[in-house]
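> There's a structure below that I have some questions on.
The values are calculated or read from the model by the stated rules, or taken from the named source; none is laboratory data. The model shown is predicted, which means the values in this text are computed figures rather than measured ones. A quick note on method: Cβ atoms are made from the backbone with ideal geometry, for glycine too, and the neighbour counts reach across all protein chains shown.
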Amino acid sequence: MLLTTTNPEILYIPLLIGLLAVLLAIFYESLLRLMGLRPMRELFTIPRFQRSAHINARFARLFLFFFGIGFILQGVGPLLFSATVIETISLWLLGISILLVLGMAGVTLFFWRGS
């Protein structure tokens, strides 16, 4: 069930979660380095593992971005759009997010299989 209220106090929570997810997607590697961590592709020495980690990091950033946009839509959407439009766009964003997670699993299985 979608959030269809126009009460601003209730709409702030999904908006803040969405903004946080989008900011994490944008500044992912910078935040890792700030915390003293290295990206996974730099930890592996085998080239196919490095490539797998690089592709999965891109998919993870895209997942965070689309997931964050979905939350932002849930926070701001009831003020701007009808419930039908919000539901349709949210379901599309959820579908894209699920495909990205499945893509990450597929990339992992493809690159990490024994050779």
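> Mind telling me which of the residues Phe49, Phe67 ends up being at pLDDT 85 or above and in contact with a Ser or Thr (Cβ under 8 Å, 6 or more places away or on another chain)?
Every option except Phe67 fails the conditions.
> What single numbered condition from (1) out of contact with any His (no Cβ under 7 Å at 6 or more places or on another chain); (2) assigned to a helix (DSSP H, G or I) fails to hold for Arg41?
(1)
> Of all residues in region 44-53, which are of a type in the set (A, V, I, L, M) and either assigned to a helix (DSSP H, G or I) or closer than 14 Å to Ile98 by Cα (or both)?
Ala53
> So, one more: Pairs under 6 Å by beta carbon, first residue closer than 18 Å to Leu15 by Cβ in region 78-96, partner surrounded by 12 or more Cβ atoms within 10 Å (Cβ to Cβ) and among the polar types (S, T, N, Q), six or more apart or different chains?
Cβ pairs passing all conditions: Pro78/Thr4; Ala83/Thr4.
> Within region 86-105, how many residues are polar (S, T, N, Q) and under 14 Å from the mean Cα position of the chain (by Cα)?
Qualifying residue count for the region: 2.
> Restricting attention to region 17-59, which residues are out of contact with any helix residue (DSSP H, G or I) (no Cβ under 6 Å at 6 or more places or on another chain) and crowded, with 17+ Cβ neighbours inside 10 Å?
Ala57
> Shifting gears a bit: Under the condition of being among the aromatic types (Phe, Trp, Tyr) and outside any loop (DSSP other than H, G, I, E, B), which residue from region 54-85 is farthest from the chain's Cα centre (by Cα)?
Quick first cut of region 54-85, residues among the aromatic types (Phe, Trp, Tyr) only: 59, 63, 65-67, 71, 81.
With the extra rule that they be outside any loop (DSSP other than H, G, I, E, B), the set shrinks to 59, 63, 65-67, 71.
Numbers: Phe59: 8, Phe63: 3, Phe65: 4, Phe66: 5, Phe67: 5, Phe71: 11 Å.
Of everything passing the filter in region 54-85, Phe71 is farthest from the chain's Cα centre (by Cα).
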